[in-house]
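I have placed the structure first, in the form of structure tokens, so that the comments after it can refer back to it.
The values are calculated or read from the model by the stated rules, or taken from the named source; none is laboratory data. Because the structure is predicted, anything quoted here is derived from the model rather than measured. Every residue, glycine among them, receives a Cβ derived from its backbone with ideal geometry; neighbour counts consider all protein chains shown.
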């Protein structure tokens with residue numbers, strides 16, 4: 001399984017997303033590495049079709065993209081059961097991993 005986390009340094013939310021993603025992968029018995037991809041400029045935004053930091057892709061799929069996002073260098077928010085947050089919850093990550101790896 002290929003796991004990528006796309007981010008830019010000025011948006012600190014990616015750090016919590018990375019922490020939770022590592023915890024979920026471990027809890028699911030997975031040892032897949034997380035490829036950290038730093039988005040540095042508009043060329044990277046276009047190249048990666050970056051819709052905000054953090055973006056998590058599993059086997060090339062962003063399970064949290066609802067198809068309404070524009071690409072750009074901005075912090076991303078996730079609609080969680082607890083309201084809008086800068087990262088998905090553990091349960092959202094578990095569901096995403098299980099949905100994609102089936």
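Summary table below
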| quantity | calculated |
| --- | --- |
| Members of segment 82-99 that are closer than 18 Å to residue 12 by Cβ and either over 13 Å from the mean Cα position of the chain (by Cα) or assigned to a helix (DSSP H, G or I) (or both) | 84 |
| Segment 9-51 - residue that is part of a loop (DSSP other than H, G, I, E, B) and in contact with a helix residue (DSSP H, G or I) (Cβ under 8 Å, 6 or more places away or on another chain) and, of those, farthest from residue 90 (Cα to Cα) | 39 |
| Residues of segment 28-39 classified as surrounded by 12 or more Cβ atoms within 10 Å (Cβ to Cβ) and modelled with pLDDT under 95, total | 3 |
| Answer residue from segment 52-62, given it is surrounded by 17 or more Cβ atoms within 10 Å (Cβ to Cβ) and touching a helix residue (DSSP H, G or I) at 6+ places or on another chain (Cβ under 7 Å) and is modelled with the lowest pLDDT among those | 58 |
| Odd one out for residue 79 among (1) in a loop (DSSP other than H, G, I, E, B); (2) under 19 Å from residue 13 (Cα atoms); (3) modelled with pLDDT under 95 | (1) |
| Checklist (1) surrounded by 12 or more Cβ atoms within 10 Å (Cβ to Cβ); (2) in contact with a strand residue (DSSP E or B) (Cβ under 6 Å, 6 or more places away or on another chain) applied to residue 23, failing item | (2) |
| Sole exception among (1) within 15 Å of residue 7 (Cα to Cα); (2) surrounded by fewer than 18 Cβ atoms within 10 Å (Cβ to Cβ) for residue 78, by number | (2) |
| Test: residue in segment 40-50 that is under 13 Å from residue 4 (Cβ atoms), touching a residue at least 24 places away in the same chain (Cβ under 8 Å) and either crowded, with 16+ Cβ neighbours inside 10 Å or under 15 Å from the mean Cα position of the chain (by Cα) (or both) | yes |
| Complete set of residues in segment 63-97 that are touching a strand residue (DSSP E or B) at 6+ places or on another chain (Cβ under 7 Å) and within 20 Å of residue 27 (Cβ to Cβ) | 64, 78, 85, 87, 88, 89, 92, 96, 97 |
